[in-house]
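Below you'll find the structure, written out as structure tokens, and then a few comments.
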Protein chains: 6
Amino acid sequence: MKHTTRALIIGRWQPFHNGHYEIIKKISQEVDELIIGIGSSQRSHSLKDPFTAGERMMMISKSLENLNIRYYTIPISDIDFNAIWVSCVEALTPPFNQVYTGNSLVRELFTEKGYVVKKPELYNRAEYSGTKIREKMLNNENWEHLVPKSVVDVINEIDGVGRIKRLNEKDY
Amino acid sequence: MKHTTRALIIGRWQPFHNGHYEIIKKISQEVDELIIGIGSSQRSHSLKDPFTAGERMMMISKSLENLNIRYYTIPISDIDFNAIWVSCVEALTPPFNQVYTGNSLVRELFTEKGYVVKKPELYNRAEYSGTKIREKMLNNENWEHLVPKSVVDVINEIDGVGRIKRLNEKDY
Amino acid sequence: MKHTTRALIIGRWQPFHNGHYEIIKKISQEVDELIIGIGSSQRSHSLKDPFTAGERMMMISKSLENLNIRYYTIPISDIDFNAIWVSCVEALTPPFNQVYTGNSLVRELFTEKGYVVKKPELYNRAEYSGTKIREKMLNNENWEHLVPKSVVDVINEIDGVGRIKRLNEKDY
Amino acid sequence: MKHTTRALIIGRWQPFHNGHYEIIKKISQEVDELIIGIGSSQRSHSLKDPFTAGERMMMISKSLENLNIRYYTIPISDIDFNAIWVSCVEALTPPFNQVYTGNSLVRELFTEKGYVVKKPELYNRAEYSGTKIREKMLNNENWEHLVPKSVVDVINEIDGVGRIKRLNEKDY
Amino acid sequence: MKHTTRALIIGRWQPFHNGHYEIIKKISQEVDELIIGIGSSQRSHSLKDPFTAGERMMMISKSLENLNIRYYTIPISDIDFNAIWVSCVEALTPPFNQVYTGNSLVRELFTEKGYVVKKPELYNRAEYSGTKIREKMLNNENWEHLVPKSVVDVINEIDGVGRIKRLNEKDY
Amino acid sequence: MKHTTRALIIGRWQPFHNGHYEIIKKISQEVDELIIGIGSSQRSHSLKDPFTAGERMMMISKSLENLNIRYYTIPISDIDFNAIWVSCVEALTPPFNQVYTGNSLVRELFTEKGYVVKKPELYNRAEYSGTKIREKMLNNENWEHLVPKSVVDVINEIDGVGRIKRLNEKDY
């Protein structure tokens, strides 16, 4: 009998883009199940974190629809208490035996608790970057080719580009 | 073009049982997508709420595996601030247009915010009841036939019955 | 030059009734200004605490309209940390030199911090009681004569009686 | 029968100055009632936010004494969860149908919830600015002519200028 | 080289009594260092939890003065999130390898995280009981012989018996 | 009969170094008892605050072992609500009559509540500085001579230097 391999990956997914998609596609070939943590889940409506956890969850679910992977999406809010953060994640998720992250703090926290932590293989980091995509939205540049088709739909439905532009207006 | 019907159902799922399964199976025939809120997500390790949010999420996911329904599971913690609770749920979930609940408070809160709230059709409430199942666990009675097979597996894996019995021991 | 006498009175005002009105009318003859704390401000939508802080604030303001008293209404939420509760109140209010309360805990907390605490003179406690008024609402009895006219208006506007009855329905 | 126009304006009022006064005086001619939210109510004792919510409430109340406007002052604390912030405000205030703000984030949040949001007309922004007034206090320049007379009294009573200067001293 | 044995014991110590003293004296012969958690540290000023964390810490320190044990006292507040509670304790304390508790929930939580949990040997439970001591205080019975001499001093200094009696007065 | 002099000193102790030791040694000659608050207790695993409250507590306790002073160590978490912070500290500690701090905010907060606040005499601030010690750790320079011997042991035991270096790695 085979033991289930269940991995955790946490990101902010602001928004979920093609680089994220490729990472998850790659991991899906290595594990049985994937827990996708939606980090800073309480944040939204800022230039750095424009989308709510619910909106990001929808982007992810629709993008992964045709991927053959069993996954869970879980909102993970910031807690400003690093030493208990891993325990908070554990309480909200099914048990996992691997963690994928490129973030130094997350890697350290999980490593200290005894987890195997791997770096995800990034895809075309120069283009596929949340920061750059949000900048393109602000500057009326094309961004749609950098995210899955269904993410374009979600962002259009909620007028996400308009939201970012309005948030960028000067206070009065 | 058809508009997506997305419904929300919130329960404590302590544990997820056959009655829950039947309700969700029925709803899955009426809507396109279902958001399954895991209520009192912060609670666990008590006689009334023995299982963690992560454990309950696993019970649900494994039980619904063969059901043809697109769903999201979302932990919803208690906040002791009823007037903002609907807004907290909205922030963490994709938008929904229907709510299923048999709880008076939940119904009132969503109704006041303008949602259509329906009562789910209960199945064999006399047998399929979280309270009764937890009692049977405590009293060494058979409970396995009251929950989906995969819930039995999850509970066995985490020694859930042992946990309940140990929590019931008298303080010393 | 006369020093300003500013008193604090904290209540739950669920709802604000004629007894409350008489107490405040009496106090208004003794002090220059009155801070009216709306206790358990985060509570609403329960049988014991049906109304939100905003709704209670509206009841109070409209009822005191013709009273010649300068007052502040301030929401005070429960914090489950008695030893810092007085300090939380102080941070949110103008400074005060007297406290009116009939609650033993509130009296003790303010007394230990050196405040002068007085018992407000109750008016017809047999009739003017929040608990009894809420019961009458549930039982279709007359309650309107027990509260100021403007409180009747507020409660009607928000269908407060309907809310209480719906919250009282059995879970399903 | 005329419907009540109730507007909401939120500011930090650090301190309440003549520009604020003029804005509120102007709005008071347009609406029946005004809810004055005291934003970042939990903040105090910093160079940017020197005064407590209670102190700011007192500044406002004393300044508006002779203005013919019915208003409510309400402390609104920061919650670092933008998506539920409007709901938190709604829970603590009487219902309102207009919002006045010059802040992009506040405007976006209320607009997304369907509120009519207006920009308040600013008065002599070059002079009437909280930032500049706090700087003048630090630098021993005249600031008293920039705020209502009763705000001078409140700040003197609590030695507000001394507080700002002491907070500005270098750590040791 | 000998490894340090460090044990954790958590209690509410309302108040610290002779039974507690005997337990700690016994444990002090078995371990090198003892971490004394002050549970429900945020509670005080109630009939069940009359004393603040600071007051309880003083009772403990003064009582253990002549005991040859190296110990740490640490306030542990309730968090209503059992699944992360052990992690919260770990973050606030030096590492420990044993836990002493007679409480079923605490035992279960630490056991699930892999700790060795022992039951402390109780001394004369019929007499040495926080509940009974608080009752005697309320009923003007002798209680002083049930607690260490220095606990009597602390309670007298803060008028602890008066506090309990005043908290017990009927609301008005 | 002599009244007990009990002083409070709050620091972040990241890490506890020789300068801290000298300050406490000096204070220990002036007071009967010392409360050592571990500030920002919830912070850890960052370049500025690498060590948990429990780790810092262990550093302090082991360093003070041979000092003839009765002291309490108490974790104090940040609360982002300056106006109630002193009250939070008071609730968690034995009563104190003096405060030692070199921080302007802490001094102001305690002074406004009526405490006598003194500046601790710093020792060789050029060398004994948490910031500089953490930099040396990052840069493979000698730091061990700047902290008490037992602090070296604690940091080695938890691989504190490795933690800081790993946290400093670039995100990927």
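Please go through the range B:18-33 and pick out each residue that is in contact (Cβ under 8 Å) with a residue 12 or more places away in the chain and farther than 17 Å from B:N103 by Cβ.
So the first thing to find is which residues in the range B:18-33 are in contact (Cβ under 8 Å) with a residue 12 or more places away in the chain, and the list is B:18-28, B:30-33.
Within the range B:18-33, B:N18, B:Y21, B:E22, B:K25, B:K26, B:S28, B:E30, B:V31, B:D32, B:E33 qualify.
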When D:L8 is run through (1) in a helix (DSSP H, G or I); (2) of a type in the set (A, V, I, L, M); (3) over 16 Å from D:V147 (Cβ atoms), the failure sits at (1)
Within the range B:41-77, restricting to residues that are in contact (Cβ under 8 Å) with a residue 40 or more places away in the chain and within 11 Å of chain E (Cβ to nearest Cβ), the one that is most open to solvent (accessible area, probe 1.4 Å) is B:L47
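In the range A:135-172, what residues are assigned to a loop (DSSP other than H, G, I, E, B) and under 18 Å from the mean Cα position of the chain (by Cα)? Even if it seems obvious, please write down each step before you answer.
Just the residues of the range A:135-172 that are assigned to a loop (DSSP other than H, G, I, E, B), to begin with: A:139-143, A:147-148, A:158-159, A:169-172.
Across the range A:135-172, the qualifying residues are A:W143, A:V147, A:P148.
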Residues in the range B:93-102: is at least one touching a helix residue (DSSP H, G or I) at 6+ places or on another chain (Cβ under 7 Å), free of Cβ contacts under 8 Å to residues at least 40 places away in the same chain and not β-branched (V, I, T)? no
Those residues of the range E:84-114 which are more than 9 Å from every other protein chain (Cβ to nearest Cβ), open to solvent by less than 50 Å² (accessible area, probe 1.4 Å) and not in a helix (DSSP H, G or I) amount to E:F96, E:Q98, E:V99, E:Y100
Of the candidates F:I24, F:I36, the one satisfying the condition of being part of a strand (DSSP E or B), on the phi < 0 side of the Ramachandran plot and crowded, with 21+ Cβ neighbours inside 10 Å is F:I36
- Query: Does at least one position in the range E:65-73 carry a residue that is part of a helix (DSSP H, G or I) and among the charged types (D, E, K, R)?
  - Reply: no
Scanning the range B:121-132 for residues that are open to solvent by 60 Å² or more (accessible area, probe 1.4 Å) and in a helix (DSSP H, G or I), the one farthest from the other protein chains (Cβ to nearest Cβ) turns out to be B:K132
task = Could you please let me know if C:K118 is within 14 Å of chain E (Cβ to nearest Cβ), among the charged types (D, E, K, R) and open to solvent by 70 Å² or more (accessible area, probe 1.4 Å)?
result = yes
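Here is a check on your reading of the model: is C:S87 under 28 Å from E:A53 (Cα atoms) and of a type outside the set (V, I, T)?
yes
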Within the range F:153-172, residues open to solvent by less than 30 Å² (accessible area, probe 1.4 Å), among the hydrophobic types (A, V, I, L, M, F, W, C) and under 12 Å from F:E55 (Cα atoms) come out as F:V154, F:I155
request  = May I ask you to verify whether A:E22 is in contact with a Lys or Arg (Cβ under 8 Å, 6 or more places away or on another chain) and of a type outside the set (K, R)?
outcome  = no
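In the range C:144-172, what residues are among the small types (G, A, S) and closer than 16 Å to C:R56 by Cα?
If the condition is that a residue be among the small types (G, A, S) and closer than 16 Å to C:R56 by Cα, then C:S150, C:G160 are the ones that fit.
The values are calculated or read from the model by the stated rules, or taken from the named source; none is laboratory data. Predicted model, so just to flag it, every value in this text is computed and none were measured. Virtual Cβ from ideal backbone geometry, glycine too; neighbours counted across all protein chains shown. The accessibility values were calculated without ligands, DNA or RNA, using every heavy atom of the protein model including side chains. Shrake-Rupley method; radii C 1.70, N 1.55, O 1.52, S 1.80 Å.
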